[in-house]
1. Could you compute the FRET efficiency for Y6 and T38, with r as their C-beta to C-beta distance and R0 at 41 Å, rounded to 0.05?
2. Please turn the phi angles of segment 56-72 into ³J(HN,Hα) values with the Karplus equation 6.51 cos²θ - 1.76 cosθ + 1.60 (θ = phi - 60°), one per residue in order, whole Hz, x for glycine and proline.
3. How far, in nm, would the chain grow between V16 and I69 when pulled straight, counting 0.36 nm per residue and subtracting the alpha carbon separation?
4. Any chance you could run the full-extension gain for A57 through M26? It's 0.36 nm times the residue separation minus the Cα-Cα distance, nm to one decimal.
5. Cα convex hull of segment 6-82: mean projected area in nm², to one decimal?
Amino acid sequence: MLLQHYWVVIKFLMTVFATIVLVLHMRPVGIVADEAPTAALTAAELGGLRLQLLADAVGAIVLLLVAAILSVLKPPGRTRTAGGCAGAAPGRSATAVAPTSAFAYDL
């Protein structure tokens, strides 16, 4: 099951949140892109949008860094629905079984 560990759930929720927020903030990017060829972008004009674009970029970088750290560190802790033996699928034992091949004894 994919959602056995807390870090996977947190990383998934961060990704969904970031996707929704960045899609919603595509409007300011479109406004700045439409205005760029026709007018010089000074500090007075479009100042709030420029700040919002900077904040969105910083937020996206922070989310990417946290997601990368979670992927590397993989903190311990399983969700309540993870039950069963560690490393085994529900309903199966955790003992290792040697793989068999039809060509194992052919020389």
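Nothing in this text is a laboratory measurement; each read-out follows from the coordinates by a stated rule. Given the structure is predicted, the values throughout are model-derived calculations rather than measurements. Backbone-built Cβ (ideal geometry, glycine too); neighbour counts: all protein chains shown.
1. Values: r = 50 Å, r/R0 = 1.21.
Plugging the Cβ-Cβ distance into 1/(1 + (r/R0)^6) gives 0.25.
2. 5, 5, 5, x, 5, 5, 4, 4, 5, 5, 5, 5, 5, 5, 4, 5, 7
3. Details: separation 53, 0.36 × 53 = 19.08 nm, distance 1.74 nm.
Here the segment from V16 to I69 would lengthen by 17.3 nm.
4. Numbers: separation 31, 0.36 × 31 = 11.16 nm, distance 1.18 nm.
Value of the extension gain: 10.0 nm.
5. Numbers: hull surface 25.4 nm².
Projected over every direction and averaged, the Cα hull of segment 6-82 covers 6.4 nm².
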